[in-house]
1. Which one is nearest to the ligand (Cβ to nearest atom) among residues in region 91-115 that are assigned to a strand (DSSP E or B), open to solvent by less than 10 Å² (accessible area, probe 1.4 Å) and not basic (Lys, Arg)?
2. Given the conditions (1) away from the ligand (no atom under 12 Å from the Cβ); (2) among the small types (Gly, Ala, Ser); (3) touching a Gly at 6+ places or on another chain (Cβ under 9 Å); (4) open to solvent by 10 Å² or more (accessible area, probe 1.4 Å), and given that residue 175 satisfies all but one, which numbered condition is not satisfied?
3. Suppose we filter 361, 368 for residues that are in a helix (DSSP H, G or I) and either open to solvent by less than 10 Å² (accessible area, probe 1.4 Å) or not hydroxyl-bearing (Ser, Thr, Tyr) (or both); which single one remains?
4. Looking only at residues that are over 26 Å from residue 279 (Cβ atoms) and open to solvent by less than 10 Å² (accessible area, probe 1.4 Å) in region 116-125, which one is nearest to the ligand (Cβ to nearest atom)?
5. Go through region 135-166 and give me each residue that's within 16 Å of the ligand (Cβ to nearest atom), open to solvent by less than 10 Å² (accessible area, probe 1.4 Å) and within 19 Å of residue 93 (Cβ to Cβ).
6. Given the criteria closer than 21 Å to residue 291 by Cα and open to solvent by 10 Å² or more (accessible area, probe 1.4 Å), does residue 88 qualify?
7. Take the conditions surrounded by fewer than 21 Cβ atoms within 10 Å (Cβ to Cβ) and of a type in the set (Gly, Ala, Ser) and apply them to residue 128. Does it pass?
8. Among 189, 196, which is among the hydroxyl-bearing types (Ser, Thr, Tyr), assigned by TED's automatic domain parsing to the domain that holds residue 103 and under 13 Å from the mean Cα position of the chain (by Cα)?
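The values are calculated or read from the model by the stated rules, or taken from the named source; none is laboratory data. Fair warning: this is a prediction, and the values are worked out from it, not measured in the lab. Cβ sites come from the backbone with ideal geometry, for glycine too, and all protein chains shown count toward neighbours. Just the protein is used for accessible areas: all its heavy atoms, side chains included, with ligands, DNA and RNA removed. Shrake-Rupley method; radii C 1.70, N 1.55, O 1.52, S 1.80 Å.
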Amino acid sequence: MNPTQENQTPHRPLRAVDIIIHKRDGLELSREEIEFFIKGYTSGEIPDYQASALLMAVVLKGMNDREATELTLAMAHSGEVLDLTLIIGNAVDKHSTGGVGDKTTLVVEPLVAACGLKIAKMSGRGLGFSGGTLDKLESIPGYRVDLSREEFLEQVSRIGIVLSGQSGDMDPADGKLYALRDVTGTVQSIPLIAASVMSKKIAAGAHTIVLDVKTGNGAFMETLDEARKLAMLMVSIGKLTGHKVVALLSDMNQPLGCAVGNALELAEAVETLRGAGPEDFHEHCVVAAAHLLVASETAKTLDEARKIAETALQNGSAFEKFRTLVQAQGGDVRFVDDLTLLPKAPVIQTITALQAGWIAGVHAREIGETVIALGGGRAKKTDSIDHSVGIVVHAKVGDHLNAGDPILTIHARNTAEFEIARERALAAVTWSDQKTGALPLFYGVIE
Ligand code: URA
């Protein structure tokens with residue numbers, strides 16, 4: 001028996017409350033129900049409280065691949081769906097499922113654009129404990145994340161790269177749902193994450209998509225098994241909707257790179273674009289870029305693609321592309337050329353090791369949540385954030401530290417907040433008197 005509501009009560013007019021009840025009771029939602037709900041929520045006819053209830057029902061009861069694909073399509077079609085084929089041919093994109101210290105987009109997108117790919121990306125804001133690309137970019141005064149459809153298209157055809165938020169025109173359903181999920185405890189759901197990511201990709205006209213699916217205590221998918229399921233669902237939505245999707249499974253048990261916090265992460269991304277930056281983050285970006293170059297058939301092998309990417313980082317072309325992007329979106333490029341101009345917190349203090357030992361863990365989620373408590377993220381949809389605050393983690397799992405070596409630098413608004421963050425961040429770092437192994441960067445690839 002097909003348990004969809006469509007088959008059970010075919011003649012009743014659709015009502016938001018019934019759809020919530022169906023999902024609460026574990027029924028499969030029909031395409032009509034999903035489309036009705038998404039349309040109603042986007043237009044404002046269905047209020048936040050009903051959308052929150054449905055989101056929670058999905059978190060608890062799940063969705064099958066068909067429902068998730070229909071949710072993706074309903075969200076993508078809640079606004080304009082761009083067709084980029086006439087403007088740039090095969091549009092490529094990369095998207096991360098979110099993590100702590102994950103500033104990969106800021107590097108990988110200009111890097112592959114410098115290698116000749118055209119990138120038109122819609123990014124998000126911070127979600128739960130994970131940071132958001134738009135918040136990081138807004139550390140640059142003037143940077144606009146609200147491009148209209150016309151501006152989005154004009155920019156990608158002119159300079160080959162655009163990095164904007166969901167405009168009112170594109171995937172408005174995700175724009176609203178994303179912010180609502182952030183503050184209603186409804187982020188952790190495989191179908192909701194898959195639909196959120198894939199609807200944005202489809203609406204922005206991408207054909208070839210590399211997904212960075214994070215797993216670990218600082219990711220929405222804590223276990224490798226859950227991350228693999230999310231990756232497989234997104235690859236399957238890609239197939240069902242005619243897109244080429246490659247998903248990388250990557251580690252998020254410790255922050256990626258060193259910096260966590262908006263302006264701090266922007267600065268680390270710029271350093272990486274200049275060919276430096278922390279080793280793990282540099283390598284992560286090169287691997288993601290290499291997959292994009294191969295998936296888009298710009299390079300034949302990952303080895304060849306890596307060389308192309310490394311060259312663009314070392315010869316300055318990736319950084320130059322980022323400058324061009326910042327200028328095109330109204331950002332003051334002096335803040336990128338001179339990172340000391342970026343917002344700076346009044347209290348900046350480094351905590352050092354009291355004794356020697358090996359680092360056994362740096363709990364990514366705890367670090368992410370500490371940065372939110374410092375003011376770097378949101379507790380409510382309407383909260384503003386402080387771009388200057390954050391934590392720089394100097395030690396990686398597997399490192400050996402001597403007494404006096406730096407562990408963390410905390411950037412806070414005042415000493416009271418510094419003290420709270422210090423306690424919490426130090427508790428997130430665990431030690432061993434035995435040698436510990438480094439964590440892998442990647443766990444596999446799903447195509
Ligand atoms: N990234 C997204 O775009 N959406 C989610 O739901 C989670 C991560």
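1. Going through the qualifying residues, I end up with 93.
2. (1)
3. Among 361, 368, only 368 is in a helix (DSSP H, G or I) and either open to solvent by less than 10 Å² (accessible area, probe 1.4 Å) or not hydroxyl-bearing (Ser, Thr, Tyr) (or both).
4. The residue in question is 122.
5. Selection gives 136, 137, 163, 164, 165.
6. For residue 88, the condition - closer than 21 Å to residue 291 by Cα and open to solvent by 10 Å² or more (accessible area, probe 1.4 Å) - is met.
7. yes
8. 196
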